[in-house]
1. Does the range 198-229 hold any residues that are within 21 Å of residue 258 (Cα to Cα) and open to solvent by 20 Å² or more (accessible area, probe 1.4 Å), and which are they?
2. Being within 24 Å of residue 23 (Cβ to Cβ), out of contact with any Leu (no Cβ under 7 Å at 6 or more places or on another chain) and modelled with pLDDT of 95 or more: is that true of residue 133 here?
3. For the range 182-201, give me each residue that is farther than 24 Å from residue 90 by Cα, of a type outside the set (D, E, K, R) and in contact with a Leu (Cβ under 7 Å, 6 or more places away or on another chain).
4. Is it true that residue 68 is part of a strand (DSSP E or B), within 19 Å of the chain's Cα centre (by Cα) and either surrounded by fewer than 21 Cβ atoms within 10 Å (Cβ to Cβ) or acidic (Asp, Glu) (or both)?
5. So residue 73 passes all but one of these: (1) free of Cβ contacts under 8 Å to residues at least 24 places away in the same chain; (2) closer than 21 Å to residue 241 by Cα; (3) hydrophobic (A, V, I, L, M, F, W, C). Which condition number does it fail?
6. Is it the case, given these coordinates, that residue 253 is of a type in the set (A, V, I, L, M, F, W, C), outside any loop (DSSP other than H, G, I, E, B), touching a His at 6+ places or on another chain (Cβ under 8 Å) and in contact (Cβ under 8 Å) with a residue 24 or more places away in the chain?
7. Only one of 147, 176, 155, 172 is out of contact with any strand residue (DSSP E or B) (no Cβ under 8 Å at 6 or more places or on another chain), open to solvent by 20 Å² or more (accessible area, probe 1.4 Å) and under 26 Å from residue 120 (Cα atoms). Can you tell me which?
Amino acid sequence: MLLDIVPSKVEAALREVAAEHVTPLFGNLDVGDVRSKSGPLDMVTAADVAAEAALTPFLLDLVPGSKVIGEEAASEDPSIVDALLGDGVFWTVDPVDGTRNFVAGREEFGSMVALIENGETVMGWIYFPMSGGCATAVKGEGAFFKDVRLKAGSDRAPGALIGDYSARLVEDANKDVLDANAPQLGAVTDIGCAARQYADLASGALDYVVWGKIYPWDHAPGALLFEEAGGRTAYIEGGAPYAPKPVKHKPMLSAPRDAWDEVHAHLLRPVA
């Protein structure tokens, strides 16, 4: 039943909501439109709140009996994420991913939605309001951006890789090792937007990403997109694949399937 959902319906809703609630505030935020949540780097804007509120009833109507787990709703009531431990049909919503970029007037932000059935992500959408591009993925059917199939991977070798590692977000026993080894693989960026990072992984523009904070609305749509493009997202310690479950702040690595083990080994090499 769920795979009968036409992906373009959700894409159209993302476009409509962004046009009404997000892009008008880009570069036009007043002081009262921005506040902090857990800390000064964890921001929420009027655009986040309004966009999530507009998307939620649309998604609930699209799949009767489903539940929506939105980033802003979860910030008010973290317990709603625990529903992902059980069976059922859920939507995750990140109305403005890359909020710090949005507030700073940088265009690296997006809106993300995922559809989860009984613990498995079956559809994902990443929409970029400023460019109008949308990446979509359906489990087992591939990943696409503007109707072009995405393929992860590049010809770059270790030492010349392009990675993204937000050291400020990693809180783990391996942090010092990761801090030291990531630059040895090549250029390291810190985009600060999971929507952009996953889209770049799926297209081959990025070779790997090390993730520190693991929230389902950040990773459910992108991990599926990357998987369908030929990538793997798994926890660095133990290698368990990512699944859209409640928060587990242990570092993860996203890299092409055929390169994941090699990148992982480089990142965890003992540091003298």
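1. Scanning the range 198-229 gives 200, 203, 205, 227, 228.
2. Criteria met by residue 133.
3. Scanning the range 182-201 gives 182, 185, 186.
4. yes
5. Going through (1) free of Cβ contacts under 8 Å to residues at least 24 places away in the same chain; (2) closer than 21 Å to residue 241 by Cα; (3) hydrophobic (A, V, I, L, M, F, W, C) one by one, residue 73 breaks only (2).
6. Yes, satisfied.
7. After applying the criteria, what remains is 147.
Residue by residue, here is whether (1) among the acidic types (Asp, Glu); (2) touching an Asp or Glu at 6+ places or on another chain (Cβ under 6 Å); (3) not in a helix (DSSP H, G or I) holds:
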| site | (1), (2), (3) |
| --- | --- |
| 56 | no, no, no |
| 59 | no, no, no |
| 74 | no, no, no |
| 79 | no, no, no |
| 82 | yes, no, no |
| 93 | no, yes, yes |
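The values are calculated or read from the model by the stated rules, or taken from the named source; none is laboratory data. Being a predicted model, the structure only gives us computed values, none of them experimental. Don't worry about glycine lacking a Cβ; one is built from the backbone with ideal geometry, like all the others, and counts go over all protein chains shown. For the accessible areas, the whole protein counts, side chains as well, though only heavy atoms, and no ligand, DNA or RNA atoms are used. Shrake-Rupley method; radii C 1.70, N 1.55, O 1.52, S 1.80 Å.
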